[in-house]
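Here the structure is laid out as structure tokens; the discussion comes afterwards.
Coordinate-derived values only; no laboratory data. On a predicted model such as this, the values are computed, not experimentally measured, just so you know.
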Amino acid sequence: MKCFEQSPEALEKFLDFLDEDIENVKRAVKAVESEGLDTDFVVHAKSETVEESAKHTGVKKGEIVKTLVFIGERPVAVLCPGDTSVSEEKLEEILGTDVRMANPEEVKEATGYVVGGVSPFDLDIKVLMEKTILEKEEVRPAAGSRVVGVNLDPEALKRVSDAEAVDVSR
């Protein structure tokens, strides 16, 4: 098992985040296990941005998968590589309606997850995936927390999140 060191103050913050998110992490683990996937979960220092996640884990930004929530006629989750962003124009064309980025309260209401730790698993809303994610060897979305991610084959990510692959990034 790999480890990392933290000061007592940082460890307390880490444990507070994990305590808040434990049910969501279990939710992500259950979703991955239900697909029979053999994968690794990664526990790391708190990361609320792609830059922080890349810094704390050594994973390239393009292999980090953001789960972003947009509001149109209904909420929709969009899986996007960390080194790009969602084109709202493309998303509006795909959905046939105007969209806007969800605020943190709307994200929590639509997914049960908090911003920075939104997992693409076990969502009751439509999930779209930027199709270039499928070209990667391995990707890492959040696993229900700002301190836990999961390494996955992109095809497995598509399957476990029940995502539709589309051209939606800038």
Note the count of lysine pairs whose C-alpha atoms are less than 17 angstrom apart in the stretch 8-166, limited to pairs 8 or more residues apart or on different chains.
22
Limiting things to C-alpha atoms, what are the Rg and the maximum Cα-Cα separation (Dmax) for the stretch 8-166, in angstroms?
14.7, 50
